[in-house]
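See structure below.
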Amino acid sequence: MHFGAINDEELKTYLQQNLEFKNITDTMLKMFEGSIGKAIKIKEKMQIYNEINLILENIQNQGMIEILNSSTNLYKQKENINEILEYINVYFLEKAKEEYYNAKSYLNAIKIVEDTKKRLNFNSNYDMSIDNLLMNIWEEFNN
């Protein structure tokens, strides 16, 4: 049986009232795709998604060393990296829509994420791929 997608406001209300899911960002709502099941899976990994939000929000305000140091949990997420990279893409896409004056940088960051996905699919070194991802995104927003 196929269920249609739940609209974002109804889903957010349901999650907050029934599952005590707090601090739901717009990026998370996009990742849920109107699905309570997807929302529950993401809730289980809230700590890493919150850390990713902090990294991405601070990428323009911090130096490269601070970004790499704040990303230690990202290196431990090898089994979830595809979901995390998809989350990062959704984050950048939403930012590109909000900040049209900086849309080119956000779209270039999506290309960097896609390049990282390809590298990982070709069995590149995981830690080096994450280093490369973070450094290239940092450079995109700080040049």
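The values are calculated or read from the model by the stated rules, or taken from the named source; none is laboratory data. Just so it is clear, the model here is predicted, and its values are computed rather than measured. All Cβ positions, even for glycine, are placed from backbone atoms using ideal geometry, and neighbour counts span all protein chains on display.
Only one residue in Glu44, Glu66, Glu79, Glu139 is free of Cβ contacts under 8 Å to residues at least 24 places away in the same chain and closer than 23 Å to Asn23 by Cα. Which one?
Numbers: Glu66 fails: closer than 23 Å to Asn23 by Cα; Glu79 fails: closer than 23 Å to Asn23 by Cα; Glu139 fails: closer than 23 Å to Asn23 by Cα.
Answer to the selection: Glu44.
Of all residues in the stretch 7-34, count the ones that are of a type in the set (Gly, Ala, Ser) and loosely packed, with under 15 Cβ neighbours inside 10 Å.
Residues in the stretch 7-34 being of a type in the set (Gly, Ala, Ser) and loosely packed, with under 15 Cβ neighbours inside 10 Å: 0 in total.
Examine the stretch 48-55 for a residue that is polar (S, T, N, Q), without any contact (Cβ under 8 Å) to a residue 24 or more places away in the chain and surrounded by 13 or more Cβ atoms within 10 Å (Cβ to Cβ), and state whether such a residue exists.
Within the stretch 48-55 (the criterion being polar (S, T, N, Q), without any contact (Cβ under 8 Å) to a residue 24 or more places away in the chain and surrounded by 13 or more Cβ atoms within 10 Å (Cβ to Cβ)), the answer is no, since none of the residues qualifies.
Out of the helices (runs of 4 or more DSSP H) lying entirely within the stretch 10-64, which hold 1 or more residues that are modelled with pLDDT of 85 or more?
So the answer is 46-58.
Among residues belonging to the stretch 94-143 that are closer than 21 Å to Lys30 by Cα and of a type in the set (Phe, Trp, Tyr), point out the one that is farthest from the chain's Cα centre (by Cα).
Tyr100
Determine whether Glu86 is farther than 21 Å from Asp26 by Cα, out of contact with any strand residue (DSSP E or B) (no Cβ under 9 Å at 6 or more places or on another chain) and at pLDDT 90 or above.
No, not satisfied.
Does Ile6 satisfy the criteria of being more than 21 Å from Glu139 (Cα to Cα), outside any helix (DSSP H, G or I) and touching a residue at least 24 places away in the same chain (Cβ under 8 Å)?
Taking the combined requirement at face value, the residue satisfies it.
Only one residue in Asn102, Asn73 is under 20 Å from Lys43 (Cα atoms) and surrounded by fewer than 19 Cβ atoms within 10 Å (Cβ to Cβ). Which one?
Criteria check complete, one pass: Asn73.
Select from the stretch 76-91 the residues that are farther than 15 Å from Ala109 by Cβ and touching a helix residue (DSSP H, G or I) at 6+ places or on another chain (Cβ under 6 Å) and write down the one among them that is surrounded by the most Cβ atoms within 10 Å (Cβ to Cβ). Don't jump to the end; show me each part of the working.
Let us first name the residues in the stretch 76-91 that are farther than 15 Å from Ala109 by Cβ, namely 76-83.
So of that shortlist, the ones also touching a helix residue (DSSP H, G or I) at 6+ places or on another chain (Cβ under 6 Å) come out as 77-78.
Values: Gln77: 18, Lys78: 12.
Of everything passing the filter in the stretch 76-91, Gln77 is surrounded by the most Cβ atoms within 10 Å (Cβ to Cβ).
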